[in-house]
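The values are calculated or read from the model by the stated rules, or taken from the named source; none is laboratory data. Only a predicted model underlies this, so the values are computations on that prediction, with no experimental measurement involved. Every residue, glycine as well, gets a Cβ built from its backbone with ideal geometry; the counts of neighbours run over all protein chains shown.
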Amino acid sequence: MGSTRLSEFYSLFPWPEDPYSEQGRKRYEDALKDMEALISSRMLQNLVEKKAVKVLEVCGGTGTGGVALSKVLMSRGVSVDLLVTDLRGEALETAERFGYGEIGCRVRTALMDAREIHRTGEKFDLVLMYGLSTPHFNPWDLVRFLSSAGEVLNDDGFLAVEEADRRYSIFLTAGYKWALYEAFDESKPVISFHAGYDLKSGMVKRVFWNFKGEPFSMEAYYWGFAELASLTWIFFKDVDLVSLGRARGFIVGVAPRRLLKPEALGEPSFISE
């Protein structure tokens, strides 16, 4: 998905990503708690013991997750070099300003597709995806991201992906809604409607409308813990769940296998034109 469409979507969809707004500040405070849970887990003990770490945040937007993780690590005496990547330049500008205000040091940013992060030419100790971004990736895209993440990580590196089990929370608990009132901010109401399904990508198409401008279509993949963790296991030697409660948590991959290089993936006939 291009940067223009992402910018249009997030200008319409009521996602609290502005860290200077009341809702955005609350989200950041929640992120601090999530990062405490993450680095306190058994899986990441080796990371916390380092004196300095390099963190790469993908789909980082305004940097809420990466900045929160950096602040928690720095509170434990760990020096952090943070690079936040996204496809939206305006969001990354906010990440730079917000990050400096919160952790008192420069936050590096780069316009980059998460499937191409191996092209940074750097090595990192942890790759982070925070903000429930996986619906933007169909399974084919996610395989490319996982392969790229494995290439950019050190041999003992970690991947941490915040995830919600949507099979449970949407299909088994609430039930899939053909029409849905999307409410993060009641002052900016948005409704969405089911508009299609792609058998080859698994993406569900929904149309969003805010009662003002033109309707906006967006595709999403409804991931569950099991399939995301199993795909991660293909690319990492171990994988586990750090639960955050209510069918939400971090899928954590440890030590990349690097058996399937990004350049070797090509384009399968199943999805080629």
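Things to note:
- Every residue from the stretch 149-198 that is loosely packed, with under 15 Cβ neighbours inside 10 Å and within 30 Å of Ser40 (Cβ to Cβ): Asn154, Asp155, Asp156, Tyr168, Leu172, Thr173, Phe184
- Residue list for the stretch 19-48, filter: of a type in the set (Ser, Thr, Tyr) and touching a strand residue (DSSP E or B) at 6+ places or on another chain (Cβ under 7 Å): Ser41
- The stretch 52-66: number of residues that are assigned to a loop (DSSP other than H, G, I, E, B) and either out of contact with any Gly (no Cβ under 8 Å at 6 or more places or on another chain) or within 22 Å of Gly150 (Cβ to Cβ) (or both): 2
- Those strands (runs of 3 or more DSSP E) lying entirely in the stretch 67-174 with at least 3 residues at pLDDT 95 or above and of a type in the set (A, V, I, L, M): 79-86, 124-129, 153-164
- Complete set of residues in the stretch 230-254 that are hydrophobic (A, V, I, L, M, F, W, C) and surrounded by fewer than 19 Cβ atoms within 10 Å (Cβ to Cβ): Trp233, Ile234, Leu241, Leu244, Ala247
- Strands (runs of 3 or more DSSP E) contained in the stretch 183-273 and holding at least 2 residues more than 26 Å from Ile170 (Cβ to Cβ), modelled with pLDDT of 95 or more and aliphatic (A, V, I, L, M): 248-256
- Any hit, the stretch 78-98, residues being crowded, with 21+ Cβ neighbours inside 10 Å, more than 30 Å from Ala220 (Cα to Cα) and assigned by TED's automatic domain parsing to the domain that holds Gly249: yes
- Those residues of the stretch 191-230 which are among the polar types (S, T, N, Q) and more than 24 Å from the chain's Cα centre (by Cα), in sequence order: Asn210
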